[in-house]
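What follows is one structure encoded as structure tokens, with my remarks underneath.
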Amino acid sequence: MAARDSAANAWMLLQTLWVGGIWILHFLVLPGLASVGLASLLIEEVARTLVPQMVGITLGAALLQLLLLVRQCGMSALWRVRSGQLLLAVLVVSLAFLVSLVLWPQALRWQLFSYLLLAFFGVLLVLQPVPRKSGAADP
């Protein structure tokens, strides 16, 4: 029972870290800097630094969530359960974003689209139930 609770807590903590981080950065921090009156070039520089770091955190947290999902529900949960499908999509979009930074750095619209897609997938993942170990019914 304690292991199940710790896995569920870890799932929710990781989810809060990356989904909340993406939403807070894009919809609160960067607009907040603009409303304070900072120069737009300074805000763009902050975004160029923090957004890739947030996508890296997203990639790491999603990988850990994927490992938790496989541990709780088995390998087939990656394509059978909606949480697994969303996490796989998050991994692909995160990797595509990070690769585009290196191979195609002037593709700012693609990077913004990828970032907002990660935010959308994160919200969809939050709406899914926390994965539980399949087995005997709880007492």
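The values are calculated or read from the model by the stated rules, or taken from the named source; none is laboratory data. What you are looking at is a predicted structure, and each value in this text was computed from that prediction instead of being measured. Virtual Cβ from ideal backbone geometry, glycine too; neighbours counted across all protein chains shown. These accessible areas exclude ligands, DNA and RNA; they are computed on the full protein's heavy atoms, side chains included. Shrake-Rupley method; radii C 1.70, N 1.55, O 1.52, S 1.80 Å.
Of the residues 112, 118, 98, which single one is assigned to a helix (DSSP H, G or I), touching a residue at least 12 places away in the same chain (Cβ under 8 Å) and either open to solvent by 30 Å² or more (accessible area, probe 1.4 Å) or farther than 27 Å from residue 33 by Cα (or both)?
Values: 112 fails: touching a residue at least 12 places away in the same chain (Cβ under 8 Å); 118 fails: either open to solvent by 30 Å² or more (accessible area, probe 1.4 Å) or farther than 27 Å from residue 33 by Cα (or both).
It is 98.
Surrounded by fewer than 18 Cβ atoms within 10 Å (Cβ to Cβ), out of contact with any Cys (no Cβ under 7 Å at 6 or more places or on another chain) and not polar (S, T, N, Q): does that describe residue 27? Walk me through how you get there before you give the answer.
On the way: surrounded by fewer than 18 Cβ atoms within 10 Å (Cβ to Cβ): yes; out of contact with any Cys (no Cβ under 7 Å at 6 or more places or on another chain): yes; not polar (S, T, N, Q): yes.
Here the answer is yes, as residue 27 does meet what is asked.
Going by the structure shown, is residue 49 among the β-branched types (Val, Ile, Thr) and loosely packed, with under 15 Cβ neighbours inside 10 Å? Walk me through it before giving the result.
Numbers: among the β-branched types (Val, Ile, Thr): yes; loosely packed, with under 15 Cβ neighbours inside 10 Å: yes.
Yes; evaluated as a whole, the condition is true for this residue.
Pairs, please: C-beta under 9 Å, at least 6 apart or cross-chain, first residue touching a residue at least 24 places away in the same chain (Cβ under 8 Å) and in the stretch 43-54, second of a type in the set (Gly, Ala, Ser) and assigned to a helix (DSSP H, G or I)?
Going by the 9 Å Cβ cut-off, the qualifying pairs are 54/21.
Being hydrophobic (A, V, I, L, M, F, W, C), at pLDDT below 95 and in a helix (DSSP H, G or I) narrows it down to one residue among 69, 59; which is it?
Numbers: 59 fails: at pLDDT below 95.
Among 69, 59, only 69 is hydrophobic (A, V, I, L, M, F, W, C), at pLDDT below 95 and in a helix (DSSP H, G or I).
Scan the stretch 7-24 residue by residue and report those that are touching a residue at least 60 places away in the same chain (Cβ under 8 Å) and open to solvent by less than 40 Å² (accessible area, probe 1.4 Å). Quick ask: steps written out before the conclusion?
Taking the stretch 7-24 and keeping what is touching a residue at least 60 places away in the same chain (Cβ under 8 Å), we get 7-8, 11-12, 15, 18-19, 22-23.
Those that are touching a residue at least 60 places away in the same chain (Cβ under 8 Å) and open to solvent by less than 40 Å² (accessible area, probe 1.4 Å): 7, 8, 11, 15, 18, 19, 22.
Just to be sure before I move on: is residue 82 open to solvent by 60 Å² or more (accessible area, probe 1.4 Å), closer than 16 Å to residue 15 by Cα and either basic (Lys, Arg) or at pLDDT below 95 (or both) in the structure I sent?
Values: open to solvent by 60 Å² or more (accessible area, probe 1.4 Å): yes; closer than 16 Å to residue 15 by Cα: yes; either basic (Lys, Arg) or at pLDDT below 95 (or both): yes.
Judged against the criteria, residue 82 is a match.
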